[in-house]
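Structure first, then comments.
What follows is calculated from the coordinates using simple rules that are stated; it is not laboratory data. Owing to the predicted nature of the structure, the values given are computational and were not obtained by experimental measurement. For neighbour counting, all protein chains shown are included, and Cβ atoms are generated from backbone atoms with ideal geometry for every residue, glycine included.
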Amino acid sequence: MTTAIDALAGALSAAKQEIAKVIIGQDKVIDSALIAIFTNHHALIEGVPGVAKTLLVRTLAHVLGCDFGRIQFTPDLMPADIIGTHVFNIQKQSFALVKGPIFTTFLLADEINRAPAKTQSALLQSMQERAVTIDRYTHPLPDNFTVFATQNPIEQQGTYPLPEAQVDRFMLKIPMGHPDREEEMQLAQRMLGDQAPEAVLKSGAVRAVLTPDTLMALRRQLAAIRIKDELVAYLVDIVRQTRRHQGVLVGAGPRATQALLLSSRAAAALAGRDFVTPDDIKGLAVPVLGHRIILRPEYEIEGLAIEEVIAQILQEVTVPR
Ligand SMILES: Nc1ncnc2c1ncn2[C@@H]1O[C@H](COP(=O)(O)OP(=O)(O)O)[C@@H](O)[C@H]1O
Ligand SMILES: [Mg+2]
């Protein structure tokens with residue numbers, strides 16, 4: 001194992017240790033979140049209220065030592081509330097930019113499906129370009145500008161589902177479920193003492209183990225993770241099979257191939273390896289493909305879940321020996 005990978009694996013496990021001081025369990029969610037961050041991509045966390053989506057993203061920002069901003073999405077949120085606006089300054093007789101909360105490094109877009117499409121698009125466009133355009137002036141965002149959005153899957157009333165054409169700006173859609181019984185017991189006991197998760201985050205006991213510079217340096221190390229040609233072909237076949245599956249109306253596009261390739265390398269680093277395995281790819285199929293596939297209505301009505309379709313697709317594609 002080379003030194004570069006040691007440093008990467010070390011940083012990832014140090015980050016996980018700090019996050020675990022606040023978040024109980026949720027290992028798969030935390031791994032997926034770190035994969036998005038270390039590949040410099042955006043992620044969408046989906047879960048019912050109260051499973052610690054907001055707390056997780058706050059903790060991540062703290063551990064990564066990044067500038068952090070939070071936007072609570074509401075039905076009356078306007079694009080200017082996110083990106084900012086030009087205001088005329090009477091003294092100077094000129095317009096000045098009043099920057100919106102998007103001008104940060106690590107942004108939490110909380111409950112993104114509660115704001116209307118044009119406000120969502122203002123954010124999604126800036127995510128894509130890592131720049132903000134206001135009145136024909138373009139303002140750059142940091143190279144490592146990262147958005148973690150959250151949404152509640154069951155709330156239909158008064159929500160605006162993300163436009164299918166743009167939801168793939170998120171590399172991963174991370175499902176976040178309820179804690180298991182043992183974890184919930186832990187949570188209850190911690191609430192009784194002075195170790196309530198929020199209190200721990202505020203207490204200063206959680207260390208910032210990275211800085212924006214070290215994060216950027218570590219991201220470059222991912223290039224050292226090896227992936228065999230057969231495995232590249234394997235992940236390409238998985239993505240292409242989504243376009244052939246009988247239950248799928250619209251399969252995943254080439255961006256999914258890029259996302260599966262980059263994220264599987266980060267998954268290997270998380271496991272302390274300098275090479276990708278088929279299980280790395282399989283483990284990422286749902287977070288990478290789940291929000292990029294549209295099922296045929298008749299299959300949806302029958303209650304076929306995306307996860308089941310992806311499991312079938314993984315069955316249909318041969319794992320290279
Ligand atoms: N796995 C967990 N680890 C730590 N705290 C948790 C966990 N699950 C739920 N909580 C608690 O639930 C509360 C809700 O968290 P919050 O981040 O507001 O949830 P969400 O954004 O998903 O609605 C927090 O007080 C948090 O302490
Ligand atoms: Mg929340």
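Close amide-amide hydrogen proximity is noted between Leu210 and Gly65, each under 5 Å apart and 5 or more residues distant or on a separate chain (H modeled in the peptide plane; Pro and chain starts excluded).
Using the Cβ-Cβ distance between Val48 and Glu300 with R0 set to 22 Å, the FRET efficiency works out to roughly 0.65. Each listed q (0.12, 0.13 Å⁻¹) maps to a log10 I(q)/I(0) for the range 225-321, found by the Debye formula over equal Cα scatterers with no solvent: -0.36, -0.42.
Residue by residue, the range 161-171 carries 3J(HN,Hα) couplings of x, 4, x, 3, 5, 10, 5, 7, 5, 8, 4 Hz when phi is fed to the Karplus relation 6.51 cos²θ - 1.76 cosθ + 1.60 (θ = phi - 60°); x denotes Gly or Pro. Residue-normalised convex hull volume from the C-alpha trace of the chain: 163 Å³ per residue. Calculated [222 nm] ellipticity per residue, helices only, for the chain: -14000 deg cm²/dmol; basis is -39500 (n - 2.57) per DSSP H run with n ≥ 4, divided by all residues, nearest 500. Of the residues Ala311, Val63, Ser203, the one whose Cα sits farthest towards the positive end of the charge dipole of the chain is Val63 (charges of +1 on Lys and Arg Cβ, -1 on Asp and Glu Cβ, taken about the Cα centre). If you take the beta carbon distance between Gln312 and Lys118 as r and set R0 to 45 Å, what does 1/(1 + (r/R0)^6) give as a FRET efficiency, to the nearest 0.05? In this case the efficiency is close to 0.75. You can think of it this way: the chain between Asp27 and Met185 has 55.2 nm of extra reach, that is 0.36 nm per residue less the Cα-Cα gap. Only lysine pairs 8 or more places apart or on separate chains count here, and in the chain those with Cα atoms under 28 Å apart total 26. Across the chain, the relative contact order, built from alpha-carbon pairs under 8 Å that are at least six residues apart, equals 24 percent. Ranking Leu289, Gln91, Met185 by how far each Cα lies toward the positive end of the dipole of the chain (charges on Cβ) leaves Gln91 at the top.
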